[in-house]
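**Student:** Take a look at this one; I'll ask things after.
The values are calculated or read from the model by the stated rules, or taken from the named source; none is laboratory data. Please read these numbers as outputs of a predicted model, since none were measured by experiment. For neighbour counting, all protein chains shown are included, and Cβ atoms are generated from backbone atoms with ideal geometry for every residue, glycine included. The accessibility values were calculated without ligands, DNA or RNA, using every heavy atom of the protein model including side chains. Shrake-Rupley method; radii C 1.70, N 1.55, O 1.52, S 1.80 Å.
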Amino acid sequence: MESFKVVRPEHLNHYGYLFGGFLLKWVDEISWIAASRDYPGCRFVTVAMDNVEFHCSARQGMVLRFDASESRRGTTSVAYRVTVFSDDLDTGAETQIFSTCVTFVRLDASGEKMPLPAPSTPEVL
Ligand SMILES: CCCCCCCCCCCCCCCC(=O)SCCNC(=O)CCNC(=O)[C@H](O)C(C)(C)COP(=O)(O)OP(=O)(O)OC[C@H]1O[C@@H](n2cnc3c(N)ncnc32)[C@H](O)[C@@H]1OP(=O)(O)O
């Protein structure tokens, strides 16, 4: 799943760069939306986000592209690889600024973990 955000003034830290907490919030939200769309009817909570490293800053006005796709499916959990790129709108060039893997666990209505639905079997033609 692809999603976009614009870095606005309210997203900056006191040095003038994107506050990392906003990036993590967007990564969490967008991968949660991707999981919830891929598994309709499942209630997911985030159990882990690995490899949080900020090597490139993002500045006001940048357009960020988020690419979230399933990377691992377990019994009660599913992981999404999220890669974030900053777009240069003048040249169209992209730079990868962040990547991590977010793991979600499926919960039932009482908050207990429960198995993911069985993968849909391919239709026999
Ligand atoms: C005004 C503004 C309002 C804004 C409004 C916004 C609305 C927004 C929209 C949505 C925005 C985003 C939505 C995000 C979703 C949350 O924000 S959820 C909130 C944060 N998360 C939580 O509160 C979860 C707290 N944790 C728990 O309750 C328990 O740990 C859990 C999740 C039930 C798991 O239970 P557990 O006994 O710890 O788990 P355990 O049996 O060890 O493992 C279960 C599975 O997780 C896997 N797992 C466990 N730990 C790890 C790990 N470290 N790494 C990888 N896998 C792991 C296990 O391998 C296992 O997988 P399977 O083999 O079954 O596939």
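**Student:** Take the stretch 2-107, drop everything but the C-alpha atoms, weight them equally and run the Debye formula without solvent; then report log10 I(q)/I(0) at 0.19 Å⁻¹ to two decimals.
**Tutor:** Computed log10 I(q)/I(0) values: -0.91.
**Student:** Also: Leaving out ligands and nucleic acids, and using a 1.4 Å probe, what accessible area per residue does the stretch 2-107 come to in Å²?
**Tutor:** Accessible surface, normalised per residue, equals 55 Å².
**Student:** Hey, what angle do you get for helix 20-38 against the long axis of the chain, alpha-carbon based, 0 to 90 degrees rounded to 10?
**Tutor:** Its long axis makes an angle of about 30 degrees.
**Student:** For the chain, what is the mean residue ellipticity at 222 nm derived from helices alone (per DSSP H run of n ≥ 4: -39500 (n - 2.57); sum divided by total residues; nearest 500 deg cm²/dmol)?
**Tutor:** -5000 deg cm²/dmol
**Student:** Right, here's the next one. Within the stretch 8-43, report the chymotrypsin sites (Phe, Trp or Tyr not before Pro) that DSSP leaves as loop and that have at most 12 other Cβ atoms within 10 Å.
**Tutor:** Those satisfying the criteria are Tyr15.
**Student:** Give the longest segment of the chain that steers clear of GluC sites (Glu not before Pro) in DSSP loops with at most 14 neighbouring Cβ atoms within 10 Å, not counting the sites themselves.
**Tutor:** Counting at most 14 other Cβ atoms within 10 Å as exposed, the longest clean stretch of the chain is 54-111.
**Student:** For Lys113, what accessible surface area do you get with a 1.4 Å probe? Give it in Å², rounded to 10.
**Tutor:** 140
**Student:** Also: Would you mind telling me the share, in percent, of accessible area of the chain contributed by carbon and sulfur at probe 1.4 angstrom?
**Tutor:** The computed percentage sits at 53.
**Student:** In what sequence, largest accessible area first, do Val6, Val78 appear using a 1.4 Å probe?
**Tutor:** Val6, Val78
**Student:** Quote the accessible area belonging to Leu23 in square angstrom, nearest 10, computed with a 1.4 Å probe and with ligands, DNA and RNA left uncounted.
**Tutor:** Leu23 exposes around 10 Å² with every protein chain in place.
**Student:** Kindly report, to the nearest 10 Å², the accessible surface of Ser69 as traced by a 1.4 Å probe over protein heavy atoms only.
**Tutor:** The accessible area comes out at roughly 50 Å².
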